[in-house]
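In what follows, a single structure is set out as structure tokens and then discussed.
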Amino acid sequence: TEPCFMAKGEKNSVFDMPTDYLPPQYQHLGVQLFNRFGEEAGERIPVKKISLPSLGKILNLPRHANFSLFLPFHRQIAGQLIDIFMGMRNIDELQSMAVYARDRVNPYLFNYCLSVALLHRPDTQDLDLPSFMQSFPDKFLDSKTFSKVREEATIVPTGSRLPIEIPIDFTASNLEEEHRVAYFREDVGLNLHHWHWHLVYPFNGPREIVNKNRRGELFYYMHQQIMARYNFERFSNSLKRVTRLVDWRAPITEAYFPKLDSMVASRSYPARVANQTLKDLNREQDQVKADIGTMERWRDRIIAAINSGVIQDERGNNVTLTEFEGIDVLGNMIESSIISPNRAFYGDLHNYGHVFISYCHDPDHRHLESFGVIGDSTTAMRDPAFYRWHAYIDYIFQQLKDSLPRYTVNQLNYDGVTVTSCSVQAQGAPQNELQTFWQQSDVDLSRGMDFQPRGSVFVRFTHLNHRAFNYTINVNNTGGARQGTCRIFIAPAADERGNPWLFQDQKGLFVELDRFVVNLRQGQNTITRRSDQSSVTIPFERTFRNLEANRPAGGDALEQFNFCGCGWPQHLLIAKGTPEGLRCHLFVMISNYADDRVVQDTQVPCNDASSYCGIKDRLYPDRRSMGYPFDRAPRDGVSTLQQFLTSNMRVQPVTIRFTGRTERRQ
Ligand code: CUO
């Protein structure tokens, strides 16, 4: 929050701006201010004077308030600021506008809108954003960390500073059962992925950047996979599947005490005690006035639309929810964004769920408290209630999916292609045993914090990781040379009581591990693939990119870091498993590429985490419904996974063993 005339980096810089750009409270100081800070500056960055658009309502969000993408008013002003940044004619004007806005606009709002603009403007594609964790570490780390970091920086000279260790279990004790999966909910990389996803798919702003290819379907699928993965972690920790938040008037049993302090808002994120209930909201400051009854009406209209297979658009026309595109329409409607087919009628269900839960401690603002962590896409995944809400949202999507035609054997099979075997091999482990462990990694916090003297201060946090592994897949092809899409998933082999699954239930727990195109020769083929090539994940270094360290040699080859921040963190590819080894089903399928293919050039930067994030400025690179082949109810007569298989599929029993070791990243 320091004044914008300082630009922080390796060296301090000062923006040489017209004095009327200074925020009102500093204007009387005028040039004195530049002279004062200019002396320390290593560089002066000239700022062009332009005629500035009015910021209007954008300024109604105070500088020291928190900001939430789930609140309609915040979304609306974010849309306006994104429009302003997108509308600047060139980089000089954009810089000028950004400098002007930065000291006037709420910092979170500013950062979000500028990030969306830098991500989508054609002339800023070679600019990189600092990691959001470095800009706002307070949204990711225990608030105790920061005083320790300052203390270390003040006393210990650069070069001799020791990393500040963040304990893995700072939010609760083991008296709380739900705390067993806190390592997942509070994982910094996971929360960064989620923030990035919502940055790539903004709710408001110019229609062309909101209305991305299959956006609504990806909202459904990415969050469905979050749920599948969370349930997998729960099975690894003797917890049952999440129960969906179906009764909005019943107490929420899960408590959560986040222990995060917002540095900007100078407030702690409010906690939620056990058994709180949702209440009607009337918070003038946030322009939120909403009843639970309104949510229930939206829900009923959405369910009625699914049951009838028809929705009503804004002009009152009936629009059919089709077999392939219906899910996309429903995603946009439930999420909802400005491309909802009829927001007035179907409302804003998913976002308001976040809002209602986030305000249950202070529904009428009498205590002047802000929202809890679930009210902010950066921190929402920390809260157990997030998963209860998204389990409910997913349940609605499944209502539609269950009503669609089931895949026939012909639709699933790839004639003449037989997967004869598949296996996984992790380094130093028995065949078909995946291994997980705790890993300690260090991240430099100096960019997001002010302290003197400057220089790096690292925090050391502990997260789940797994031993890298390879897949070996043998395929027999009786046809000529052709192509296939290899789809790899994994799910627990038994339900929470240790009983065999019904396919109908197990299919919801399959998590995608990879998807890639294979060339098949006639006869025997052996496909090998490394776990770190996954189409789901991005490497650790990209999740926690330290710009100086990771900048590719030669500025021209700069990767498009902004979009590239979206992707499931590689270190969470595999669920934790258990010390004795959690039994799982590894599923491999080769589908006919002729039916999967989307004709386009995908040789663009950041095309490597497309399963959950898509590819920038491209169509989603797989023509099948997302989640295929597990996205539909099974055909008649199929009640187990084995019965579901066609010859181009194969299931291999594997185990995931948690070794209990703690290792340091080298
Ligand atoms: Cu990502 Cu509810 O959408 O958090």
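For Val598, the residues 5 or more places off, or on other chains, whose built amide H falls under 5 Å of its own are Arg623.
For region 70-224, relative contact order (Cα pairs under 8 Å, six or more residues apart, normalised by length) works out to 27 percent. When the listed pairs Lys57/Lys259; Lys212/Lys401; Lys259/Lys576; Lys240/Lys576 are checked against a 26 Å cut-off, the alpha-carbon distance exceeds it for Lys57/Lys259.
The alpha carbon centroids of region 64-137 and region 154-226 are separated by 19 Å. A simple charge model with +1 on the Cβ of Lys and Arg, -1 on the Cβ of Asp and Glu and nothing else charged puts the dipole of region 323-416 at about 140 debye relative to its Cα centre.
Starting from the Cα gyration tensor of the chain, take the square roots of the eigenvalues, sort them a ≥ b ≥ c, and report rounded, prolate or oblate (rounded when a/c is under 1.5, otherwise prolate if a/b is larger than b/c, else oblate). Note, shape of the chain comes out prolate. Placing a label point 7 Å from the Cα of Lys48 along the Cα-to-Cβ direction, the residues of region 12-26 with a backbone N closer than 16 Å are 16-18. Couplings 3J(HN,Hα) for region 291-298, derived from phi with the Karplus relation 6.51 cos²θ - 1.76 cosθ + 1.60 (θ = phi - 60°), are 10, 4, x, 5, 4, 5, 5, 4 Hz, where x marks Gly and Pro. Computed on the chain, with alpha-carbon pairs under 8 angstrom and 6+ residues apart, the relative contact order is 16 percent. The H on the amide N of Ser336, modeled in the peptide plane, is under 5 Å from the matching H of Leu349, His350, Asn351, each at least 5 residues off or on a different chain. Taking other residues whose beta carbon is less than 13 angstrom from the beta carbon of Glu151, and scoring Lys, Arg as +1 and Asp, Glu as -1, yields +3.
Take every Cα pair under 8 Å whose residues are at least 6 apart in sequence, average their separation, divide by the length of region 97-185, and the relative contact order is 13 percent.
Of Ser534, Ser639, Ser68, the sequence from fewest to most neighbouring Cβ atoms within 10 angstrom is Ser639, Ser534, Ser68. Under a 5 Å amide H cut-off, with hydrogens placed 1.01 Å from N, Leu582 pairs with Ile656, Arg657, Phe658 among residues at least 5 apart or on other chains. Excluding same-chain neighbours fewer than eight residues apart, the lysines reachable from Lys48 by a Cα-Cα span under 23 Å are Lys8, Lys11.
Each residue of region 592-603 was assigned a 3J(HN,Hα) from its phi angle through the Karplus expression (A = 6.51, B = -1.76, C = 1.60, θ = phi - 60°), giving 6, 4, 4, 8, 9, 5, 10, 7, 5, 8, 9, 7 Hz with x at Gly and Pro. In whole angstrom, how far apart do the alpha carbon centroids of region 303-327 and region 362-383 sit? Each part's Cα centre sits 33 Å from the other's. Remark on region 174-249: Rg and Dmax equal 15.6, 49 Å (Cα only). Packing, as the average of other Cβ atoms within 10 Å across residues, places the peptides 103-109, 305-311, 585-591 in the order 585-591, 103-109, 305-311, highest first.
Peptides 265-271, 54-60 ranked from most to least packed give 265-271, 54-60, packing being the mean of other C-beta atoms within 10 angstrom over each peptide's residues. Computed over neighbours whose Cβ is under 9 Å from that of Leu260, the net charge equals 0, Lys and Arg +1, Asp and Glu -1. Backbone geometry of region 55-71 corresponds, through the Karplus equation with coefficients 6.51, -1.76 and 1.60 at θ = phi - 60°, to 3J(HN,Hα) couplings of 7, x, 5, 4, 7, 6, 8, x, 4, 9, 9, 8, 10, 9, 6, 8, 7 Hz, x marking Gly and Pro. Other residues with beta-carbon under 14 Å from the beta-carbon of Ser403 carry, at +1 per Lys or Arg and -1 per Asp or Glu, a net charge of 0.
Every read-out reported here was derived from the displayed coordinates using simple, explicitly stated rules and does not represent laboratory data. All values derive from a computational prediction rather than experimental measurement. Reconstructed Cβ throughout: ideal geometry from the backbone, glycine too, with neighbour counts over all protein chains shown.
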